[in-house]
Amino acid sequence: MKRIGNLEKRFVQNVLDSQFSASKSTNYNELLQKIVCKKFKCKYAIPLANGTAGLHVALLSLNIKKGDEVIVPSLTMSSTAISVILAGGVPKFADIDPNTLTIDPKSIKKLINSKTVGLITVSVYGLMPEFSEIKKIVRSKNIFLIEDNAECFLGKDEKRFDGAYGDFSMYSFQSSKHITCGNGGILTTNNKKLMMRAKEISNLGYPLGRKKSFKRVNIQDPNFSRHVTLGLNYRLPELCAAVAYAQMKRINELVNARITAAKSFINILKNYDFVKLQHVPKKYKHTYWSCAFVLDVKSEKDWYKFKAIFNKNKGDFFYSAWKPAYLEPFFTKYKVKHNCPVAEYSQKRIIQLKTNYWDASQLKRQVKILEQTLNEFKKVYVS
């Protein structure tokens, strides 16, 4: 199996052969929208330059105002909180559940006040949060919900697939994600008004769909009005759309490959008491953007000891967890209050194993190296 195959290459060649001519458009952006709507069971999809752009556009489309507070998870990439700041809002950080590592509904409740307008959840590492409880909170407090599903494609809880709960859902096509086109993203929604607003904001404020006359022949008129709102150029290039469309046609294959890799690692990891696996609730489908676990030991310095043994054994690259955004240098000037002890404990001990293995022999080798590393670590550092 290859991550980028002949289908992707053929579609890219079609775009190149078009010479990027408007009259010979290949329309892969439109095809991408259609296949995403079909696969993700949504009404509308807006291809964008990247996932962060998707969050930014979603927040602007929901008319966030200066000083509005939006609750975000403490354990996730800083892009989630950054998008809130870019939109003029204030991020408020919720703690995580110690078992699933996803945002904790109890922490969400504690943060809601008169300034709270919305919530962004993250399906961290490929696992959806507890939407059965989160949806009750959102409805009772009348706040918006955005799903950040950058790491979760075709995930599922006990009732529905990812993307089914939010006013918007964002997916990333960045190079490490389940579906990639180098860089890109897509925003989905079932609300027509929100779709129209998002399209306009992400396309320089053009009245897309609002005016039936928005065609090439009309925009050549010197009196034609193009910009009905303040917008940004967040459009996805056609070359990227061609690759993303091909990847979407292979989505089951690409997602299942990651699940297979993760289960191979889990079959080893589950045998060690000092390993705390990310808990997957009953009937949930985890799509394993990475196979994450907490090195459940007293000292956070043991993370470095584990990595040293892993590297010595010629293990493949693995990730740490992102530092909570409020601990990053750029965030100090915002003086955001936070109380996330579970996230801070876990973040310093989390190991994320790669799952994007397309060669079975390479995966098998990494599983053996992981087992060797665990045994050596246990012998030296675990009493």
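The values are calculated or read from the model by the stated rules, or taken from the named source; none is laboratory data. For clarity, every value in this text was computed on a predicted model and none was experimentally measured. Cβ: placed from backbone, ideal geometry, glycine included. Neighbour counts: every protein chain shown.
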>> Consider region 174-200. How many of its residues are farther than 16 Å from Gln33 by Cα and polar (S, T, N, Q)?
In response: 4
> In the list Lys135, Lys109, Lys141, which residue meets the criterion of being over 22 Å from Pro281 (Cα atoms), in the same structural domain as Ser79 (by TED's automatic domain parsing), without any contact (Cβ under 8 Å) to a residue 60 or more places away in the chain and of a type in the set (Lys, Arg)?
Replying inline: Lys141
> Is it true that Val294 is surrounded by 15 or more Cβ atoms within 10 Å (Cβ to Cβ), farther than 20 Å from Ile179 by Cβ, outside the structural domain of Leu194 (by TED's automatic domain parsing) and touching a strand residue (DSSP E or B) at 6+ places or on another chain (Cβ under 6 Å)?
Replying inline: yes
>> Checking the condition at pLDDT 95 or above, outside the structural domain of Ser107 (by TED's automatic domain parsing), of a type in the set (Phe, Trp, Tyr) and more than 25 Å from the chain's Cα centre (by Cα), which residue from Phe306, Phe265 passes?
In response: Phe306
> Of the residues that sit in region 182-197 and are within 20 Å of the chain's Cα centre (by Cα) and polar (S, T, N, Q), which one is nearest to Val12 (Cα to Cα)?
Replying inline: Asn183
>> With surrounded by fewer than 17 Cβ atoms within 10 Å (Cβ to Cβ), in contact with a strand residue (DSSP E or B) (Cβ under 7 Å, 6 or more places away or on another chain) and either not assigned by TED's automatic domain parsing to the domain that holds Asp104 or not β-branched (Val, Ile, Thr) (or both) as the only criterion, which of Ser320, Ser383, Ser361 stands out?
In response: Ser320
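Conditions (1) crowded, with 19+ Cβ neighbours inside 10 Å; (2) over 17 Å from Ile96 (Cβ atoms); (3) outside the structural domain of Val90 (by TED's automatic domain parsing); (4) modelled with pLDDT under 95, marked per residue:
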{"site": "Lys312", "(1), (2), (3), (4)": "no, yes, yes, no"}
{"site": "Leu327", "(1), (2), (3), (4)": "no, no, yes, yes"}
{"site": "Lys333", "(1), (2), (3), (4)": "no, yes, yes, yes"}
{"site": "Cys340", "(1), (2), (3), (4)": "yes, no, yes, no"}
{"site": "Ser346", "(1), (2), (3), (4)": "yes, no, yes, no"}
{"site": "Lys354", "(1), (2), (3), (4)": "yes, yes, yes, no"}
> Restricted to region 153-187, and to residues that are in a strand (DSSP E or B) and in contact with an Asp or Glu (Cβ under 9 Å, 6 or more places away or on another chain), which residue is farthest from Arg250 (Cα to Cα)?
Replying inline: Phe168
